[in-house]
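Colleague: Pasting in a structure now, in structure tokens, and then I'll have a few things to ask.
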Amino acid sequence: GIKLGLPNIAIIVVLYKLGWKEAVIINVIRVLLVSILFSTVLSMLYSIAGAVLSLLAMILLKKFLSIVAVSVIGGICHNIGQITMACILLETNVIVYYLPFLLLSGTVTGIMIGAASVLLIKRIKTVKTDIWKSSTMQH
């Protein structure tokens, strides 16, 4: 169950360019759409747990750490959230032994997602200004 987590690039970009409220909205929509279209209710619960813990950590640490560090912590927290949910739903803590592998993968993928996010954020000037200008020019 190790995935790169490419959609998290969008979440990080939205968090840094638009703000935490917009990141929460996009994250909720993302989890619900992916869950409805491609997974089961059980998978949705794992996704929600990972997404909530990950985004909460990223929001809290955004002002103190680099984008790559925030991404790494987000990836690690996502894995911790999923393992915690698995322990609750399966009523066992045996699955915690899988956590070191997930933490390593969360670190590696977090670095890659963070680096990609940095490149994208540098290329985007100011989203709010661009949206405002395009909407006022149409009227």
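The values are calculated or read from the model by the stated rules, or taken from the named source; none is laboratory data. If you're wondering where the values come from, they're calculated on a predicted model, not measured in any experiment. All Cβ positions, even for glycine, are placed from backbone atoms using ideal geometry, and neighbour counts span all protein chains on display. These accessible areas exclude ligands, DNA and RNA; they are computed on the full protein's heavy atoms, side chains included. Shrake-Rupley method; radii C 1.70, N 1.55, O 1.52, S 1.80 Å.
Colleague: Restricting to region 27-58, name every residue that is free of Cβ contacts under 8 Å to residues at least 24 places away in the same chain and open to solvent by 70 Å² or more (accessible area, probe 1.4 Å).
Modeller: Of everything in region 27-58, those that are free of Cβ contacts under 8 Å to residues at least 24 places away in the same chain and open to solvent by 70 Å² or more (accessible area, probe 1.4 Å) turn out to be Val28, Ile29, Leu32, Leu33, Ile36, Leu37, Phe38, Thr40, Val41, Leu56.
Colleague: Separate question: Taking region 59-68 only, how many residues are outside any helix (DSSP H, G or I) and either open to solvent by less than 30 Å² (accessible area, probe 1.4 Å) or β-branched (Val, Ile, Thr) (or both)?
Modeller: Summing the residues that are outside any helix (DSSP H, G or I) and either open to solvent by less than 30 Å² (accessible area, probe 1.4 Å) or β-branched (Val, Ile, Thr) (or both) in region 59-68 gives 0.
Colleague: Of the numbered conditions (1) touching a helix residue (DSSP H, G or I) at 6+ places or on another chain (Cβ under 8 Å); (2) at pLDDT 90 or above, Ile2 fails exactly one; give the number of that condition.
Modeller: For Ile2, the exception is condition (2).
Colleague: Separate question: Would it be correct to say that Ser71 is open to solvent by less than 70 Å² (accessible area, probe 1.4 Å), polar (S, T, N, Q), modelled with pLDDT under 95 and touching a helix residue (DSSP H, G or I) at 6+ places or on another chain (Cβ under 9 Å)?
Modeller: no
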